[in-house]
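Following: one structure in C-alpha cells, then a few remarks.
The values are calculated or read from the model by the stated rules, or taken from the named source; none is laboratory data. For clarity, every value in this text was computed on a predicted model and none was experimentally measured. Here the Cβ positions follow ideal geometry from the backbone for every residue, glycine too, while neighbour counts run over all protein chains shown.
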Amino acid sequence: MTENNNGVLVVVEVVGSQPIDLGLEMLALARRLTDSMGGTVTAVAFGTGLETTGGILTAYGADQVLINDNAIFANFHAEAWLPDLSKIIAEVAPAIVLIGHSESGTDLAPRLAFRLDVDVATGCESIDIINGRAHMTRGCFGGLAREVVTFTKTPALATIRSKTQEALSPMMERAGEVKQVSSILDVNSIRTRVVGREREKADGGVKMESAKIVIGGGLGLGGPEGFKTLNEIAELVDGAVGASRAACDLDWCPRSYQIGLSGRTVAPELYLAVGISGASHHMAGCGNSKTIVSVNSDPNAEIFKSSRFGIVGKSQEIMPALVEEIRKLKA
Ligand SMILES: Cc1cc2nc3c(=O)[nH]c(=O)nc-3n(C[C@H](O)[C@H](O)[C@H](O)COP(=O)(O)OP(=O)(O)OC[C@H]3O[C@@H](n4cnc5c(N)ncnc54)[C@H](O)[C@@H]3O)c2cc1C
C-alpha cells in the first residue's frame, strides 16, 4: 500500500470571498503538523467570486491554495463537491485532510472517507504526530473522557471543532502559490437537488462562534420568554445567544442555538450560563470559554464548579435586573 506523505490539505469553507474562522484555525493546525512531519500545507476553497480568497489563505499559512471558482459551488452541496475534492486529494497526496466540524463538514467528511476508502475521525480537538502518524484527540462517552485515535491508511481524515485552535496572525507578505483548478463535475451525476434554503433568524445577529460574549439559556429560564431577555442582553452587549439541548428540545429557541457535544462549540471571552445545570454534554461546547459566569437557583449546581463567578438566584429575577443595569451603564 502506498502512503500519502505530502503534508496536510485543509478544506476551507468560504462565505462570500471570506474564509470562515474555522478554516483559518485549521490552517494554523496544519502548519504545526507540517512543522513536525514535513510536507506542504494545501488549502482548498470551493465557491464563486473567490478572487481574493487565495491571498487570504496564503497570509494565514497555506503554501499552496487551490481555488475551484464555479457558480455550481455557490452553495454547499456534498455530492457536487465530492468528485472534484477526491481528484484534488489524489493529486496532492496529503497525509492528513482537515475538514471543519460544521454542518457542511460533517456531511462531507464521511462521504469523502467512503469514496477514498479511508477512515475519518469526527469532532477532533487536536492532532499530534507520533512516529510519523496522525493521532487525533476527541471527546468520547458524552464528553466525559478523551480518546486518541490513529489510522493505518492515508490520508487520515479529521473534522476539527471550532475554537480548538488559534488562527495565526496573518502575514500579507507570506509567499504562496494560488492556482485555479477546473471542475470535473458532471452535473447530471448529482442525485439530490436543493429546492430551497432558509436562513435561521439566529444567524442574523452576531455569529455565535465569533462573539466575545455568549449568553446560554437552559431549562432554568422557565420558558421561551426567558430567551427574550437573553436576546435583549445580547443586543445590548453585542453578544450572541446560545442554549442547552434541553431548551432546544422544548422549542424554547431555534435548534441552531444548541451549544455542546452535539451542538456548536464556543470559546468566548465571557460565557454567561443562565439556568443551565452544567452537564458534561453541554460543557463540551463551552468549557474553553475564558470566563464562565453562571446564574442558577441551586447553590450545588454542577455549573458552579466550572464558573469563575456564580450567582445563586432565580433567572426570572436576576436577568431583568441585569438588563436594567446594562441600560443604565450604557446611558
Ligand atoms: C449523547 C448526548 C448528547 C448531548 N448533547 C448535548 C449538547 O450538545 N448540549 C447540551 O446542552 N446538552 C446535551 N445533552 C443533554 C445534557 O446531558 C443535559 O441533559 C442538558 O444539557 C441539560 O440542559 P439544562 O442544563 O438546560 O437542563 P437541566 O439539567 O434540567 O438544568 C436546569 C438548571 O436550571 C436550574 N434552575 C431551575 N430553575 C431555575 C431558575 N428559576 N433560575 C435559575 N436556575 C434555575 C436548575 O437548578 C438546573 O441546574 C446531550 C445528552 C446526550 C445523552
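Within region 53-100, can you find the residues that are part of a loop (DSSP other than H, G, I, E, B) and modelled with pLDDT of 95 or more? Full working, then the answer.
Of the residues in region 53-100, the ones part of a loop (DSSP other than H, G, I, E, B) are 60-63, 70, 74-77, 93-95.
Scanning region 53-100 gives TYR60, GLY61, ALA62, ASP63, ALA93, PRO94, ALA95.
For region 180-199, check the following and say yes or no: at least one residue is more than 16 Å from the ligand (Cβ to nearest atom), buried (at least 21 other Cβ atoms within 10 Å of the Cβ) and in contact (Cβ under 8 Å) with a residue 40 or more places away in the chain. No, because not a single residue in region 180-199 is more than 16 Å from the ligand (Cβ to nearest atom), buried (at least 21 other Cβ atoms within 10 Å of the Cβ) and in contact (Cβ under 8 Å) with a residue 40 or more places away in the chain. THR159 falls short on exactly one of the conditions (1) assigned to a strand (DSSP E or B); (2) within 16 Å of the ligand (Cβ to nearest atom); (3) surrounded by fewer than 18 Cβ atoms within 10 Å (Cβ to Cβ), and that condition is (3). When region 129-138 is limited to residues that are in contact (Cβ under 8 Å) with a residue 24 or more places away in the chain and surrounded by fewer than 20 Cβ atoms within 10 Å (Cβ to Cβ), the one that is nearest to the ligand (Cβ to nearest atom) turns out to be ILE129.
For region 271-280, the candidate set comprises residues that are buried (at least 18 other Cβ atoms within 10 Å of the Cβ) and over 19 Å from PRO224 (Cβ atoms); within that set, the residue that is farthest from the ligand (Cβ to nearest atom) is TYR271.
Considering region 249-263, and only residues there that are more than 8 Å from the ligand (Cβ to nearest atom) and under 20 Å from SER280 (Cβ atoms), the residue that is farthest from the chain's Cα centre (by Cα) turns out to be ASP249. Hey, can you tell me all the residues within region 139-154 that are part of a loop (DSSP other than H, G, I, E, B), touching a residue at least 60 places away in the same chain (Cβ under 8 Å) and in contact with an Asp or Glu (Cβ under 9 Å, 6 or more places away or on another chain)? Result: LYS153, THR154.
Name every residue in region 19-52 that is small (Gly, Ala, Ser), part of a loop (DSSP other than H, G, I, E, B) and within 18 Å of ALA156 (Cβ to Cβ), in order of residue number. Those that are small (Gly, Ala, Ser), part of a loop (DSSP other than H, G, I, E, B) and within 18 Å of ALA156 (Cβ to Cβ): GLY38, GLY39. So LYS179 passes all but one of these: (1) within 21 Å of SER36 (Cα to Cα); (2) charged (D, E, K, R); (3) more than 20 Å from the chain's Cα centre (by Cα). Which condition number does it fail? Exception for LYS179: condition (1).
Which of (1) closer than 27 Å to CYS124 by Cβ; (2) more than 9 Å from the ligand (Cβ to nearest atom) does GLU235 not meet, given it meets every other one? Every condition holds for GLU235 apart from (1). In a residue-by-residue description of region 309-319, the property of being among the polar types (S, T, N, Q), away from the ligand (no atom under 12 Å from the Cβ), within 21 Å of GLU235 (Cβ to Cβ) and in contact (Cβ under 8 Å) with a residue 12 or more places away in the chain applies to no position. Here's a check for you: in region 293-305, which residue that is more than 7 Å from the ligand (Cβ to nearest atom) and surrounded by fewer than 24 Cβ atoms within 10 Å (Cβ to Cβ) is nearest to ALA267 (Cα to Cα)? Of everything passing the filter in region 293-305, VAL293 is nearest to ALA267 (Cα to Cα).
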